[in-house]
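Report on the following structure.
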Amino acid sequence: MAFELGRYTKPDFTEKKFVEAPDAVLAPAPRDKAAPENFHAMSIFPEYFKVKGEWILPEDSRMDCVAVYEDGRIFVREFRNLKKGDLCFLGRTENCEEGIYVHDNGFTFPGEDDAQANSFAFRQSRSRETAYSYDYSNIYELLEYERDHGYITWVMGPACAFDAGAREAFSQLVERGYVNALLAGNALATHDLEGALLGSALGVDINTQKPFFNGHYNHLETINKINTYGSIPAFIEGEGIDNGIIYSCVKNNVPFVLNGSIRDDGPLPEVYEHTYVGQDAIRSHVRKSTTVIGMATVLHTIAAGNMTPSYRVLEDGTVRPVYFYNVDTSEFAVNKLGDRGSLAAKGIVTNVQDFVRNLAKNLR
């Protein structure tokens, strides 16, 4: 059976509540980086604003940001990107009362039925007891579809770099076209390149899992050598690196965004050291993403998740869903994204190294 995207149904704007709704109220931003009083904050869902009698959907969205009206279109901007005089939408209601409608049930997915609407049912949370075989089948079909029609963004912690088999499996996904962008921190790149250079990750052999003598120097030696070359691509060429996650990205021109943290060693030359410059780099890919998969990194996954709406407006005006998976061994980690407002994210409790191997084994 061919993969079928979730189907989007627009609101029926002939309904009384839409017809009788007032135009949304606009007010200028009083200064740079500040919205007017009673500003409307965006959610992850499609939101429509009534302007001059017409209901308009922003083409691009992000939760906890401000909707701005400009030249007949609606732009969703972070507070830090607001400029004095920007016309911001006002209102805290969501059902047309103030000319704003949050369409939180616009998508219908294959296989959904009325049973899912039951108010009481067992085993509805995502936990280690959940059977994930159905999820795997869906992911295989989804990624096959997205390779040809979408933009697949991966958010990765360093765990995949700690195992030779997982590194090779993800490299295969890159080679086969299932990776359009990679978002990570200094650690993922450092330990993956350490594996390519010295065969270890944090000083532990990526094949045998046995520690090297003086292995705690290995990642520092790697960082220092890369910084000596001045860039990751120069290091890969100069040292003859021919394996690993970052090598495969460089070889296949897959962009990777590395964001720094307060505890980074080094960091590597490509790591963004300014938080908001790095955030903009992340969002440049999230804006294109139709599927996002976060693996074994709580903070980076939440960061990407909070920038990812539940929908994407395509060039032809079609509205399609954005799929988001969060994979981790911890139930706390996979469920935390929902606590932070990214309600569309689906969690899978498993070892990410096994997860990646399964994908590589089952995807063409």
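The values are calculated or read from the model by the stated rules, or taken from the named source; none is laboratory data. The shown structure was predicted, so the numbers you read here are calculated from the model rather than taken from an experiment. With ideal geometry, Cβ positions are generated from the backbone for all residues, glycine too; neighbour counts draw on all protein chains shown. All accessible areas refer to the heavy atoms of the entire protein, side chains included, with ligands and DNA or RNA removed. Shrake-Rupley method; radii C 1.70, N 1.55, O 1.52, S 1.80 Å.
In this Cβ point-charge picture (+1 for Lys and Arg, -1 for Asp and Glu), the chain has a dipole of about 240 debye about its Cα centre. Around the amide H of Leu183, modelled in the peptide plane, lie the amide H atoms of Trp154, Val155, Met156, Val257, all under 5 Å away and 5 or more residues distant in sequence or on another chain. Can you tally the net charge around Glu94? Count Lys and Arg as +1, Asp and Glu as -1, for every other residue whose Cβ sits under 12 Å from the Cβ of Glu94. Summing Lys and Arg as +1 and Asp and Glu as -1 gives -2.
Count Lys and Arg as plus one, Asp and Glu as minus one, and take only other residues whose Cβ is under 12 Å from that of Leu188; the net charge is then -3.
What is the calculated FRET efficiency for Asn207 to Asn351, with r their C-beta to C-beta distance and R₀ = 25 Å, to the nearest 0.05?
Working: r = 17 Å, r/R0 = 0.69.
Efficiency for this residue pair is about 0.90.
The calculated 222 nm mean residue ellipticity attributable to helices in the chain amounts to -9500 deg cm²/dmol, summing -39500 (n - 2.57) over DSSP H runs of n ≥ 4 and dividing by all residues. Expressed as a whole percentage, what fraction of the accessible surface of the stretch 152-224 belongs to carbon and sulfur atoms when a 1.4 Å probe is rolled over the protein heavy atoms? Carbon and sulfur together cover 55 percent of it.
Relative contact order of the stretch 228-286, please, whole-number percent, based on alpha carbon pairs below 8 angstrom and at least 6 residues apart. Mind showing how you got there, number by number?
On the way: 39 pairs, mean separation 17.3, N = 59.
For the stretch 228-286, the relative contact order is 29 percent.
What FRET efficiency comes out for the pair Glu221/Tyr8, r = Cβ-Cβ distance, R0 = 51 Å, nearest 0.05? So the FRET efficiency works out to roughly 0.50.
Multiplying the residue separation of Asp242 and Thr329 by 0.36 nm and subtracting their alpha-carbon distance yields 28.3 nm. Spin-label pair Glu54-Asp148: with each label point 7 Å from Cα along the Cα-Cβ axis, the two points sit 3.5 nm from one another. Only the Cβ atoms of Lys and Arg (+1) and of Asp and Glu (-1) were treated as charged; on that basis the dipole of the stretch 143-191 about its Cα centre amounts to roughly 120 debye.
In the chain, taking the dipole from charged Cβ atoms about the Cα centre, the farthest positive-side position among Pro36, Leu299, Pro255 is held by Pro36. If a/c stays under 1.5 just call it rounded; otherwise compare a/b with b/c (prolate if a/b is bigger, oblate if not). Do that for the stretch 9-117, with a ≥ b ≥ c from the square roots of the Cα gyration tensor eigenvalues. Because a/c hits 1.5 or more and a/b exceeds b/c, the stretch 9-117 counts as prolate. Placing a label point 7 Å from the Cα of Thr275 along the Cα-to-Cβ direction, the residues of the stretch 54-89 whose backbone N falls under 16 Å from that point are 78-81. Here the accessible area is traced with a 1.4 Å probe on the protein chains. For the stretch 231-332, carbon and sulfur cover 50 percent of it.
With Cβ to Cβ distances under 14 Å as the rule, what net charge do the other residues near Ile56 carry (K, R +1; D, E -1)? Display every interim value, and only then the final one.
Details: positive: Lys10, Lys50, Lys52, Arg73; negative: Asp23, Glu47, Glu54, Glu59, Asp60, Glu70, Asp71.
In short, -3.
Determine the shape class of the stretch 155-229: with a ≥ b ≥ c the square roots of the Cα gyration tensor eigenvalues, call it rounded for a/c under 1.5, and otherwise prolate if a/b is greater than b/c, oblate otherwise. Here the stretch 155-229 falls in the oblate category.
Ranked by solvent-accessible area (1.4 Å probe, protein heavy atoms only, all chains present), the residues Tyr69, Tyr134 order from largest to smallest as Tyr134, Tyr69. Take the Cβ-Cβ distance between Phe18 and Arg73 as r, set R0 to 25 Å, and report the resulting FRET efficiency rounded to the nearest 0.05. Efficiency, from the Cβ-Cβ distance: 0.80.
Rounded to the nearest Å, what's the spacing between the alpha carbon centres of the stretch 269-330 and the stretch 174-223? Just the number, please. Spelled out, the Cα-based centre of one part sits 23 Å from the other. Solvent-accessible area per residue in the stretch 218-364 equals 45 Å², computed with a 1.4 angstrom probe and all protein chains kept. Shape of the chain from the C-alpha gyration tensor: prolate (a/c of 1.5 or more and a/b above b/c, with a ≥ b ≥ c the square roots of its eigenvalues).
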